[in-house]
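The values are calculated or read from the model by the stated rules, or taken from the named source; none is laboratory data. Fair warning: this is a prediction, and the values are worked out from it, not measured in the lab. Every residue, glycine among them, receives a Cβ derived from its backbone with ideal geometry; neighbour counts consider all protein chains shown. Note: accessible area is taken over every heavy atom of the protein model, side chains too, but ligands, DNA and RNA are not part of it. Shrake-Rupley method; radii C 1.70, N 1.55, O 1.52, S 1.80 Å.
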Amino acid sequence: MPTLPRTVTSPKKFIIGQHLLPQLHEHVKDFGDYALLISDEFILERVREEALAGLLQAGLRGVVDKFRYECTEQEIHRLTHLAEQYGANVIVGIGGGKTLDVAKAVAFYLRRPVVLFPTIASTDAPCTALAVIYNQAGEFERYLFLPQNPDVVLADTAIIAAAPPRFFSAGVGDALATYFEARACYRADGLNLVGKRPSRTGLGLAQLCYELLGENIELAMDAIRHHVSTPALEQVIEATIYLSGVGAEAGGLAAAHAVNNGMSLIAELHRAQHGEKVVFGLLTQLVLERAPQHELDEVFRIIDCAGLPMTLQELGLTHFDESEWRKVAQLACDPLDTMGNMPMTVSEQDVYAAMVAANAMAERYRLRHPRA
């Protein structure tokens, strides 16, 4: 059997700036003349007034539809049928990670180009050739691996800065795991998110992501809390949306995201953001790896600066049920998930014990560094 190649994958274009929504037509026209704009509810009116109006003024056509909250097979089917009904030849996703994922899935099944416009920097979903599919109860179901990355990703720093800080913080949490997961996958010579071997470039991009977070997190949080765009904020957005996405895709995922997926079984945590749960998954991974203290210190510093939850109680858990968390460990170790990218053999018992220890470690840190 031939050895799997190493890969580096990326969106065709990543654009970061301000006032990009009225300019959407400039990117749609390169791919088609009729766009289905799938939008989050909170920005729906702006999409109609700015993006759709811009399309029509440019001589293009478009239709706007509201995303119905969850990236499920049912929602993908509904929007696919709608695009076919209107004859849309470009799919546009405007909103959070799940909205962008559903847009990617619709574009994939219709074999159409896709333009993504993240309104929050809560995950690295915009840049990856991947959609996360959930069931109607909000539980993780599967990954949909796509043959290529999005055609265009537009990151408007003014819109992202206007969003609630919690979303931005969640993106920091998701990005924070990127380097450690890519490092584990590279050491294991595992499989990255396109089913190939991790590349040194992917690991390097993941490491740069981590460095930008460490260098800019305090100033970026100052900007996001005051809803302004600054150079530090731009660099963290570049890390959370672009570098995290391409770094994870080329470098691979490991325990942090596997634990996050397992945590979808805990109903009390359904309101926690993806990146918030990934933080706990990262702490679990660092326990499994017996990470050195200096790494733990820096990870905790970034978590704290970003205002992220670190204990299960801070995530929203009111009661720890051992049997439920053993099921979390079991799901995290599913052969189809990414726990196999760890550079050592990891059992369900190992994961359960590491989660308990990670929570205890986080509680100990919080006692020493209480949140104001």
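Points worth noting:
For every residue, the table says whether it meets (1) touching a strand residue (DSSP E or B) at 6+ places or on another chain (Cβ under 6 Å); (2) modelled with pLDDT under 95; (3) in a strand (DSSP E or B); (4) more than 22 Å from A239 (Cβ to Cβ).
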{"position": "M1", "(1), (2), (3), (4)": "no, yes, no, yes"}
{"position": "L4", "(1), (2), (3), (4)": "yes, yes, no, yes"}
{"position": "V8", "(1), (2), (3), (4)": "no, yes, no, no"}
{"position": "L24", "(1), (2), (3), (4)": "no, no, no, yes"}
{"position": "H27", "(1), (2), (3), (4)": "yes, no, no, yes"}
{"position": "G32", "(1), (2), (3), (4)": "yes, no, no, yes"}
{"position": "I38", "(1), (2), (3), (4)": "yes, no, yes, yes"}
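- Flag if E348 is open to solvent by 20 Å² or more (accessible area, probe 1.4 Å), closer than 18 Å to A255 by Cα and in contact with a Pro (Cβ under 9 Å, 6 or more places away or on another chain): no
- Residue within the stretch 222-231 that is among the hydrophobic types (A, V, I, L, M, F, W, C), in contact (Cβ under 8 Å) with a residue 12 or more places away in the chain, outside any helix (DSSP H, G or I) and open to solvent by 10 Å² or more (accessible area, probe 1.4 Å) present: yes
- Among all residues of the stretch 239-247, there is at least one that is touching a residue at least 60 places away in the same chain (Cβ under 8 Å), closer than 18 Å to Y210 by Cβ, open to solvent by 10 Å² or more (accessible area, probe 1.4 Å) and under 13 Å from the mean Cα position of the chain (by Cα).
- The stretch 275-342 holds helices (runs of 4 or more DSSP H) entirely within its bounds, and those carrying 1 or more residues that are among the charged types (D, E, K, R) and open to solvent by less than 50 Å² (accessible area, probe 1.4 Å) map to 293-305.
- Selection from the stretch 118-134 of residues that are among the β-branched types (V, I, T) and either open to solvent by less than 10 Å² (accessible area, probe 1.4 Å) or farther than 27 Å from Q85 by Cα (or both): T119, I120, T123, T128, I133
- E50 vs. criteria under 25 Å from Y143 (Cα atoms), open to solvent by 20 Å² or more (accessible area, probe 1.4 Å), touching a helix residue (DSSP H, G or I) at 6+ places or on another chain (Cβ under 8 Å) and in a helix (DSSP H, G or I): no
- Beta carbons closer than 8 Å, at least 6 apart along the sequence or on distinct chains, pair a first residue in the stretch 11-26 that is farther than 19 Å from L37 by Cα with a second that is surrounded by fewer than 15 Cβ atoms within 10 Å (Cβ to Cβ) for Q18/A158.
- All of V102, V106, V115, V172 fail the test of being in a strand (DSSP E or B), crowded, with 21+ Cβ neighbours inside 10 Å and either in contact with a helix residue (DSSP H, G or I) (Cβ under 9 Å, 6 or more places away or on another chain) or modelled with pLDDT of 95 or more (or both), apart from V115.
- Positions within the stretch 67-99 being open to solvent by 40 Å² or more (accessible area, probe 1.4 Å), in contact with a strand residue (DSSP E or B) (Cβ under 6 Å, 6 or more places away or on another chain) and among the polar types (S, T, N, Q), in sequence order: N89
- Restricting attention to the stretch 175-221 and to residues that are over 15 Å from the mean Cα position of the chain (by Cα), farther than 18 Å from R301 by Cβ and of a type in the set (D, E, K, R), the residue that is least open to solvent (accessible area, probe 1.4 Å) turns out to be R183.
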